[in-house]
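Take a look at the structure set out below.
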Amino acid sequence: VLLQWRSSGGISLIWSVTCMVKAAKCLCPAQDFRLLVPTGPVRTDSGSDIILPVHLSPETNAVSMEIRWFKGTELIYQYKNGVSIQELRRGNIALTLRNVQQSDSGDYTYKLFHDRCQKTGVIHLQVRE
């Protein structure tokens, strides 16, 4: 399973909203959820598995949403009406990385698309040798 959620300490709010504009009018309906992510870098040791936690709050069904994860500008995971529905129903859009190496260190960007809106955030991963 690529999408998992594990609660941990130090979770706070980091997100932004970008609206698609048509005739100078924002098409985004009011959203009743926020995205919760760690306040600082996520740290782990080389060779371990790590969860980059992102969760909708309050618990919001994300099954109908499109979720994309990037490392830098490279798309590394995309969900659109696919697997892991049980976790998505609980608002869990976390990304699990397995057997990470120091080369996996860097910024991971998630983009959540819903009702012509986009919410974006960044998690920084630091992998120790």
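Convert each backbone phi in the stretch 92-105 into a coupling constant with the Karplus relation 6.51 cos²θ - 1.76 cosθ + 1.60 (shift: θ = phi - 60°), then list the ³J(HN,Hα) values in order as whole Hz, x for Gly and Pro.
Whole-Hz 3J(HN,Hα) from phi for the stretch 92-105: 8, 10, 5, 10, 9, 10, 10, 6, 5, 10, 4, 5, 7, 4.
What does the net charge come to around GLU59 if you take all other residues with beta carbon closer than 9 Å to its beta carbon, with K and R at +1 and D and E at -1?
Its environment carries a net charge of +2.
Using the Karplus equation 6.51 cos²θ - 1.76 cosθ + 1.60 (θ = phi - 60°), what ³J(HN,Hα) coupling, rounded to whole Hz, does each residue of the stretch 108-115 give in order, writing x for Gly and Pro?
10, 9, 10, 10, 10, 10, 7, 6
Using DSSP to define loop residues, name the chymotrypsin sites (Phe, Trp or Tyr not before Pro) in the stretch 36-129 whose beta-carbon has at most 10 other beta-carbon atoms within 10 Å.
Here no loop site has a sparse enough neighbourhood.
For SER57 and ARG128 in one chain, what is 0.36 nm times their gap in residues minus the Cα-Cα distance, to one decimal in nm?
Length gained between SER57 and ARG128: 22.5 nm.
Find how much the distance from SER103 to SER48 grows on full extension, using 0.36 nm per residue of separation minus their present alpha carbon separation; answer in nm with one decimal.
Length gained between SER103 and SER48: 18.5 nm.
Fewest first, what order do HIS124, HIS114, HIS55 take by the number of other Cβ atoms within 10 Å?
HIS124, HIS114, HIS55
Only the coordinates and a few stated rules stand behind these numbers; no lab work does. This one's a predicted model, so the numbers in the text were calculated from it and none came from an experiment. Neighbour counts are summed over all protein chains in view; Cβ atoms, including those assigned to glycine, are modelled from backbone coordinates with ideal geometry.
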